[in-house]
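For reference, the structure is listed below as structure tokens.
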Amino acid sequence: DIQMTQSPSTLSASVGDRVTITCRASQSISRWLAWYQQKPGKAPKLLIYEASNLESGVPSRFSGSGSGTEFTLTISSLQPDDFATYYCQHYDSYPLTFGGGTKVEIK
Amino acid sequence: EVRLVESGGGLVQPGGSLRLSCAASGFTFSDHYMDWVRQAPGKGLEWVARTRNKANSYTTEYAASVKGRFTISRDDSKNSLDLQMNSLKTEDTALYYCARGSIILGSRPSFDIWGQGTMVTVSS
């Protein structure tokens, strides 16, 4: 199975900060990686697919990059609505697996 | 409006069975792969099962943790997705989400639409 490791597990930041979350795969997954945002008590929401493609309706301050085993999610200027937990997920092969999550907290 | 609504969750004893359902609306259900993803209380996301569409012979995939105990199925005539869960264990306790596989030309499906989830508690 492909293991997905996210870092950091928790991130404290202020409104307006540039935030970067890293996701590493235990083996190459090409660009088959998605990023999701989850707020407390809510279902996850797709932000990025195929490593760098912005899902329709997602603000352009979100961006994704990477290929192979190293990927990043960047929020260019953190907004109050962005405080949430973020998950990466690979879809290169089965089983599909998620990273452990990164909680973005208010500093 | 594109929508997924799960139902069927509840409290069940270890070793028991439960059947979850997901009602889809607002899109052509038959075109899409469909999945179940779960989240234990306070924990991260875990993919459970997938059913492909008719064009891909409705083939299925399962996480090792549920293979042989859970069965995913779909009824395209009713726009519905089910998850039959047998031999339930305490570690199956989680919020179960129904998720739609995206359709993007030349790409593979990620989970672009999610339901709100139905809670399954396995406890004596």
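Structural remarks
- Sequence-separation-based contact order of chain A, relative, with Cα cut under 8 Å and 6+ spacing, percent: 38
- Ranking of B:PHE70, A:PHE83 by neighbouring Cβ atoms within 10 Å, starting from the fewest: A:PHE83, B:PHE70.
- 29 Å Cα-Cα reach of B:LYS67 towards lysines, excluding residues that sit fewer than 8 places from it in its own chain: A:LYS42, A:LYS45, B:LYS43, B:LYS54, B:LYS78, B:LYS89
- If only the Cβ of Lys and Arg carry +1 and only the Cβ of Asp and Glu carry -1, the dipole of the stretch B:39-124 around its Cα centre is close to 180 debye.
- Dimensionless Rg ratio for the protein assembly as shown, taking C-alpha atoms and the 2.2 N^0.38 Å reference: 1.00
Bear in mind these aren't lab numbers, they're just calculated from the coordinates by the rules spelled out. Quick caveat, the model's predicted, so the values are computed rather than measured. Positions of Cβ are backbone-derived with ideal geometry, glycine not excepted, and every protein chain shown enters the neighbour counts.
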